[in-house]
Amino acid sequence: MANRIERFEDLDAWQLARIQNYEVCMLTREIAFKSDFEFKSQFRRSALSVMNNLAEGFERIAILEKRRFYDYARASNGEVRSMTYAGEDFYHQYSAAFLEIRQRSIHLGKIITGLLRSTEQRRL
């Protein structure tokens with residue numbers, strides 16, 4: 001019998017989303033982002049949305065609701081990835097940090113897609 005995950009904190013996707021959120025927050029604390037409130041705020045909100053939607057989806061009982069929130073998490077993760085390109089365009093000095101976040105986002109997106117597929121299989 002496979003190990004049953006009982007808390008959202010045990011989800012690999014949530015753990016990676018938490019790391020991604022931390023990296024985004026730490027990067028946007030840099031002085032270069034101090035006056036760019038809109039960019040900083042959007043980037044942080046999208047990263048936080050990934051982990052929060054994973055948690056909310058996990059806590060839902062109905063499979064369709066779980067899937068909806070996991071889908072929201074996947075979409076927010078895409079937004080994080082998109083923000084890394086916008087950041088690179090304007091903050092060249094942080095290109096390596098944006099690339100690292102983007103690579104994590106791609107990996108996280110694959111894990112969330114697997115979670116979506118697994119959830120869908122339980123529905124059938």
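The values are calculated or read from the model by the stated rules, or taken from the named source; none is laboratory data. In this text the structure is predicted, and so the values were computed from the model without any measurement. So basically every Cβ, Gly included, is an ideal-geometry build from the backbone, and we count neighbours across all protein chains shown. Each accessible area value is taken on the protein alone, full model and side chains, heavy atoms only, with ligands, DNA and RNA left out. Shrake-Rupley method; radii C 1.70, N 1.55, O 1.52, S 1.80 Å.
Computed quantities for the displayed model
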item	result
Protection proxy ranking, peptides 87-93, 4-10, 114-120, average beta carbon neighbours within 10 Å, highest first	114-120, 87-93, 4-10
Segments 61-71, 98-108 sorted - mean Cβ within 10 Å per residue, highest first	98-108, 61-71
Accessible area expressed per residue, the stretch 25-72, with surrounding protein chains retained (probe 1.4 Å, Å²)	60
Segment Y22-S82, length gained on full extension (0.36 nm per residue, minus Cα span)	19.9 nm
Residue-averaged [θ]222 nm for the chain, counting only DSSP H segments that reach four residues, each worth -39500 (n - 2.57)	-27500 deg cm²/dmol
The chain: angle of helix 37-59 to the longest principal axis, Cα-based, in degrees nearest 10	10
Charge dipole magnitude, Cβ of K and R +1, D and E -1 - the chain, Cα centre, debye nearest 20	380
Full-stretch length increase - A96, D71 - with 0.36 nm per residue and alpha-carbon distance subtracted	6.2 nm
Accessible-area composition of the chain, carbon plus sulfur, in percent [1.4 Å probe]	51
